[in-house]
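Input: a single structure, listed below in structure tokens.
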Amino acid sequence: MRKILHIDMDAFYASVEQRDAPELRGRPVIVGWPGARSVVCAASYEARKFGVHSAMPSTRARRLCPDGVFIAPNFEKYGAVSKQIRAIFLRHTPLVEPLSLDEAYLDVTSELTGIPTATETAETIRREIRAETQLTASAGVAPNKFLAKIASDWKKPDGLFVIRPHQVEAFLEPLPIRKIPGVGKATENVMTGLGVATVGDLRRFSAEQLVERFGKWGTRLWELARGIDESPVEPSRKRKSWSSENTFANDITLDEVADYIRREAHSLWEALAARKLVGRTVTVKLRTGQFETATRRHTPDLPPASGDDLARIGVDLLARFSFPPGRRFRLAGIGLSNFSGDEDDQPALFA
């Protein structure tokens with residue numbers, strides 16, 4: 001039986017800012033820029049009480065929480081704290097799979113320091129994080145990654161929740177179907193039509209019935225509804241794509257988008273060349289002032305060989321979009337994927 005932890009820092013970016021500026025403690029802190037085109041990167045729990053959350057437009061956050069304190073994000077600082085926390089994890093196990101700067105899976109089946117149970121390991125890690133960073137973390141303990149991630153959210157903030165093997169079925173039975181990874185609003189609507197509101201409802205369907213309705217994903221649904229998840233904790237997950245995108249202060253024309261794509265293509269190429277990454281598939285993303293979003297991609301016979309090549313393919317892709325003439329754009333981005341080389345273990349370049 002595996003022992004898996006999911007450790008999730010509490011309101012990480014905002015908590016770091018409150019730690020470093022005592023006058024912000026207890027106040028609603030919003031990490032992000034207050035401009036009309038900006039979004040919230042993170043919100044303290046004081047701000048969340050007003051309904052503010054990450055990815056929300058900053059203008060809406062300001063309306064919901066007029067006394068909120070906006071702080072420009074400092075990803076270099078957050079990355080340094082994240083490395084501190086990673087070092088704590090590695091004292092206990094080499095099997096650490098980071099999901100982002102503020103969360104990770106740990107397989108502590110063979111714990112390095114001799115702590116006998118996964119629950120005690122989680123408690124120790126949370127205690128060490130608090131002592132060494134003055135920050136709090138929530139933890140989930142379970143027999144697999146799927147359940148551990150759900151558990152870590154159960155008693156946030158600064159909480160610990162354990163799902164033991166004999167508790168799995170009783171825990172899952174009443175769980176809302178949206179708790180299953182991959183079940184978004186559209187899938188939830190389909191499930192509702194099938195009379196499925198909880199994981200217990202989903203368990204009434206056979207694997208064959210779910211495959212017939214949802215394709216290959218039906219098998220995964222059948223397994224998760226029974227708490228089955230054999231996916232390993234992977235310490236060296238490879239990043240599948242690299243990209244750069246920007247939300248502009250004012251909507252820009254397609255010609256201006258083309259100029260932006262050319263500039264960003266060269267920056268992206270330099271970053272990937274430094275890591276000896278060769279990618280074949282080029283993707284361009286556009287969002288209009290009316291929030292219509294679309295992507296177009298192309299995989300040439302030969303991978304781009306230079307920043308000029310990448311820029312040319314990116315600009316050519318602009319002709320494949322079907323937006324009406326004269327549309328202006330609030331966001332544009334270019335990315336590269338389908339790599340043939342090995343990627344170094346690097347943090348996200350374009351966070």
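The values are calculated or read from the model by the stated rules, or taken from the named source; none is laboratory data. Just so you know, these numbers come straight off a predicted model, no measurement behind them. We place every Cβ from the backbone using ideal geometry, glycine too, and count neighbours over all the protein chains shown.
Taking helices (runs of 4 or more DSSP H) that fall entirely within the stretch 187-242, which contain at least 1 residues that are on the phi < 0 side of the Ramachandran plot and free of Cβ contacts under 8 Å to residues at least 12 places away in the same chain?
207-214, 217-225
Which of the strands (runs of 3 or more DSSP E) found entirely inside the stretch 57-175 contain at least 3 residues meeting this: not aromatic (Phe, Trp, Tyr)?
By residue number, 96-100, 103-107, 137-142.
Of all residues in the stretch 221-234 being surrounded by fewer than 18 Cβ atoms within 10 Å (Cβ to Cβ) and not aliphatic (A, V, I, L, M), which is farthest from the chain's Cα centre (by Cα)?
Per the stated criteria, the residue is ARG226.
Considering only residues that are within 24 Å of GLU103 (Cα to Cα) and modelled with pLDDT under 90, which ones fall in the stretch 235-260?
Result: SER236, ARG237, LYS238, ARG239, LYS240, SER241, TRP242, SER243, SER244, GLU245.
Take ALA104 and tell me if it is among the small types (Gly, Ala, Ser), in the same structural domain as LEU147 (by TED's automatic domain parsing) and closer than 30 Å to LEU331 by Cβ.
yes
Out of the stretch 252-268, which residues are more than 25 Å from GLY279 (Cβ to Cβ) and in contact with a Phe, Trp or Tyr (Cβ under 6 Å, 6 or more places away or on another chain)?
Hit for the stretch 252-268 is ILE252, nothing else.
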